[in-house]
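Have a look at the structure below, then the notes.
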Amino acid sequence: MTAQAQIKSSFPVRRMDFSFSDVPRYWFNNDPFMTHFLTSLSSLFPEGELFFIDSVRAVRTQIEDPVMQKEISAFIGQEAMHTKEHKAFNDYAQAQGIDIEYLDKRVGKLLGFGKKYLPVKQQLAITCALEHFTATVAAQLMRRDDWNERMNDPVMRKMWLWHAIEESEHKAVAFDVYQKVGGDYATRAIFMVIASTILAIVASEQQVRLMAEDKQLFNLKAWGKGLWSLFGKKGFMSELTLQYLDYFRPGFHPNDHDSDALEKKWKQYLALNG
């Protein structure tokens, strides 16, 4: 066995096979707003994760470090599994009358535009930006038991926590690749602004669409409670402002945000290997 073959990545690829057949319609605290918010995020993952994979693969031949090559392989493996499981959930949601297919196709067209017209380094900058967003949200989900415990379906709770663990495990891979191929600060900062703006617009529009499809558009109580939970005092998203903004620090690195203890806790709880 060669020395390179003996090199292992710092995190494993886990194959998961969730069954969503018994998931209730409102699986987050019996709350339509928050259920649709997370379903909307799930609709972004199949095309989004494939974009991440493609952006890293596009520059992989420029990486000579065998350790980094192993990290890239594991990154691709984990993202492929996320695509698989979220696609399975999205298919279930589609069967329940939620038009995920429309959302998926629209995200695909948007990211397809980026693949067609943006240089590969800018595509990788988008990946770095969105990986920071997902890793920040992932750590928050693991940290806030008052949130993850409100997932009243055990399958959904396990899927989201598994996904959170793996986003935390590989949070630095795309960023390290970006730096290795000569990515500059200005580009990554600019594309964080662009990616964040587009994501906010898409997520907002999708929330309105899903609530309308479910005849919950004028459920003002659900809207008020949900928006306060996300953006109010000690809101899930509002608590992440400083961590999000830290990305714009010139010397920033994803590992500056330590999530090792959270990962260990939830890997033990979910009985995951690695």
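Each reported figure results from applying straightforward, stated rules to the coordinates on display, with no laboratory input. Remember, it's a predicted structure, so these values are computed and weren't measured experimentally. Quick reminder, even Gly has a Cβ in these numbers, built from the backbone with ideal geometry, and neighbours come from all protein chains shown.
Long-range amide H contacts for Phe28: which residues qualify at under 5 Å (H placed 1.01 Å from N, peptide plane, sequence gap of 5 or more or a different chain)?
Those qualifying (amide H under 5 Å, at least 5 residues apart or on another chain) are Thr35, Asn152.
Work through the residues other than Thr136 whose Cβ is under 12 Å from its Cβ and net out their charges, Lys, Arg +1 and Asp, Glu -1.
Here the charged neighbours net out to -3.
Quick one: go through the stretch 126-150 and flag any residue whose amide nitrogen is under 15 Å from the point 7 Å out along the Cα-to-Cβ line of Lys233.
Counting only backbone N, you get no residues.
Find out how many positive minus negative residues lie around Thr83, taking Lys and Arg as positive, Asp and Glu as negative, among other residues whose Cβ is under 9 Å from that of Thr83. It would help to have the intermediate numbers written out before the result.
Values: positive: Lys84, Lys87; negative: Glu47, Glu49, Glu79, Glu85.
Result for the local shell: -2.
Considering only the other residues whose Cβ falls under 15 Å of the Cβ of Gln207, what net charge follows from Lys and Arg at +1 and Asp and Glu at -1?
-1
Among 177-185, 236-244, how do they line up from the highest to the lowest mean number of other beta-carbon atoms within 10 Å?
177-185, 236-244
Can you give the FRET efficiency to the nearest 0.05 for Leu245 and Gln6, using r as the Cβ-Cβ distance and R₀ = 51 Å?
The calculated FRET efficiency here is 0.80.
Could you calculate the contour length gain from Asp22 to Ala186, that is, 0.36 nm times the residue separation minus the distance between their Cα atoms, to one decimal place in nm?
Computed gain between Asp22 and Ala186 is 54.3 nm.
Using the alpha-carbon centroid of each, what span in Å lies between the stretch 39-90 and the stretch 226-247?
Cα centres, the stretch 39-90 to the stretch 226-247: 26 Å.
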